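**Q** Supplied in C-alpha cells, the structure appears directly below.
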C-alpha cells in the first residue's frame, strides 16, 4: 500500500501498539462498541482495541498483515446531502488509525484481493459494491451486482470475485481485471456468507431464511447439494483442509460441523444466538460470536466442543486472522 491511500485524511488518535504481542491475532469488528478488537488466539484474550469506528461490521486484512481495513454499518449525510459511509485503515503495529476514506453508504462486509491491491465493500441498500484501490487511484469505483449484496470471496489468483446478492438469490461472478460482472450463478434462496472449496471448484453459501448451506458447482453455476443447518443460519467457513463445513444457526442455537465426503454432522448447542464464525487455520480452533451476548465461544475444531469463552465489548461481527500466522 503506497502513499495514495495513506495520504488520505489522518485520524489523529493513538493507541497501544500490538507489536510486542504474541501471534496470531484475531481482529473482530465489535459493532455497537464502536471498536475493532484484537484477540491473541494463543490464550484467547482480548489484548488491544481500536476505538473511534462507528458501528463496525465489516473487516478485512491485507495479505502481508500490515493493515486492517474496517467500515461502518452506519451512514450519514455529507455536506452535499448524500448518504456516506467511512472506510478506516488501521495500522496495528503502529497502534492507530492511519487514514479514512468516504464510501457510498453503509457497508455490510469487506474483502481484500489476495494480491492485496483492492478492497471490496458490499453496500446492501445500493445494490452493489465499492472498489477501493489501496495501491493506486484515489477514485472509488462502484459496481452494480444485484439486490442486497452481502459477502465477497476471491479466487487465489485474484482473477475473479464472487459476490452474494441476498435479495435476488444470485451470486455475481466478477472479472477483477475489468470489474465487470461476467455472469450470475445459483446460490440458494437468500445467499449471504460465502466460502470457496479448497480446489476452488465449488462455492458454499449460507441461506438464512431456508436454514441451509448451498453447494454450487462453479463451472455449471448450479446447486448440486444442500445441507440443513437450522433456522436463521448465518456464519460460514471451511476447515483449513477443506474437508468440513462449519456453520451457525442463530434461531436454533447451534453450531454445525459437516463432513463434506460422508455428510456426517456434529451439532453443538450454543446460547444465545451463535452468529459469525471464523476457522483459525493451524490452531485447531473455531471462533463463534453471539449476536445477543458480548462473547465469543472457542470451539475445538476436531470434536467441535467449546473449550473456552472470550468476554468482549459489543458483539462480534466479521472476524479476520492475521496474515503473520502460518500453518
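The values are calculated or read from the model by the stated rules, or taken from the named source; none is laboratory data. What you are looking at is a predicted structure, and each value in this text was computed from that prediction instead of being measured. Methodologically, a virtual Cβ is constructed for each residue, glycine included, from the backbone with ideal geometry; neighbour enumeration extends over all protein chains shown.
**Q** Within the range 50-66, restricting attention to residues that are crowded, with 22+ Cβ neighbours inside 10 Å and more than 15 Å from the chain's Cα centre (by Cα), which residue is modelled with the highest pLDDT?
**A** Among those residues, the one meeting the criterion is 50.
**Q** Report whether or not residue 302 is exposed (fewer than 15 other Cβ atoms within 10 Å of the Cβ), closer than 19 Å to residue 33 by Cα, free of Cβ contacts under 8 Å to residues at least 60 places away in the same chain and out of contact with any helix residue (DSSP H, G or I) (no Cβ under 7 Å at 6 or more places or on another chain).
**A** Numbers: exposed (fewer than 15 other Cβ atoms within 10 Å of the Cβ): yes; closer than 19 Å to residue 33 by Cα: no; free of Cβ contacts under 8 Å to residues at least 60 places away in the same chain: yes; out of contact with any helix residue (DSSP H, G or I) (no Cβ under 7 Å at 6 or more places or on another chain): yes.
Considered against the rule, which asks whether it is exposed (fewer than 15 other Cβ atoms within 10 Å of the Cβ), closer than 19 Å to residue 33 by Cα, free of Cβ contacts under 8 Å to residues at least 60 places away in the same chain and out of contact with any helix residue (DSSP H, G or I) (no Cβ under 7 Å at 6 or more places or on another chain), residue 302 comes out as no.
**Q** Working carefully through the options 291, 233, 214, 249, find the one that is more than 30 Å from residue 53 (Cα to Cα) and touching a strand residue (DSSP E or B) at 6+ places or on another chain (Cβ under 6 Å). Break it down stepwise before answering.
**A** Values: 291 fails: more than 30 Å from residue 53 (Cα to Cα); 233 fails: more than 30 Å from residue 53 (Cα to Cα); 249 fails: more than 30 Å from residue 53 (Cα to Cα).
The match here is 214.
**Q** Okay, next question. Which residue out of 239, 313, 233 is within 18 Å of residue 38 (Cα to Cα) and modelled with pLDDT of 95 or more? Break it down into steps so the answer makes sense when it comes.
**A** Details: 239 fails: within 18 Å of residue 38 (Cα to Cα); 233 fails: within 18 Å of residue 38 (Cα to Cα).
Sole residue among the options that is within 18 Å of residue 38 (Cα to Cα) and modelled with pLDDT of 95 or more: 313.
**Q** Any residue at all in the range 133-150 that's crowded, with 19+ Cβ neighbours inside 10 Å, within 17 Å of residue 59 (Cβ to Cβ) and out of contact with any helix residue (DSSP H, G or I) (no Cβ under 8 Å at 6 or more places or on another chain)?
**A** no
**Q** Got a sec? Which of 202, 264 is closer than 25 Å to residue 285 by Cβ and surrounded by fewer than 16 Cβ atoms within 10 Å (Cβ to Cβ)? Steps first, answer last, please.
**A** On the way: 202 fails: surrounded by fewer than 16 Cβ atoms within 10 Å (Cβ to Cβ).
From the options 202, 264, the qualifying one is 264.
**Q** Just to be sure I understand the filter: pairs with C-beta atoms under 6 Å, separated by 6 or more residues or on different chains, first member in the range 270-294 and on the phi > 0 side of the Ramachandran plot and modelled with pLDDT of 95 or more, second member crowded, with 19+ Cβ neighbours inside 10 Å and not in a loop (DSSP other than H, G, I, E, B). Which pairs pass?
**A** 273/290
**Q** Inside the range 86-140, counting only strands (runs of 3 or more DSSP E) that do not spill past its ends, which hold 2 or more residues that are at pLDDT below 95, touching a strand residue (DSSP E or B) at 6+ places or on another chain (Cβ under 7 Å) and more than 25 Å from residue 164 (Cβ to Cβ)? Let's see the steps before the verdict.
**A** Numbers: elements: 96-103, 110-112, 118-123, 128-133.
Passing ranges, in order: 96-103.
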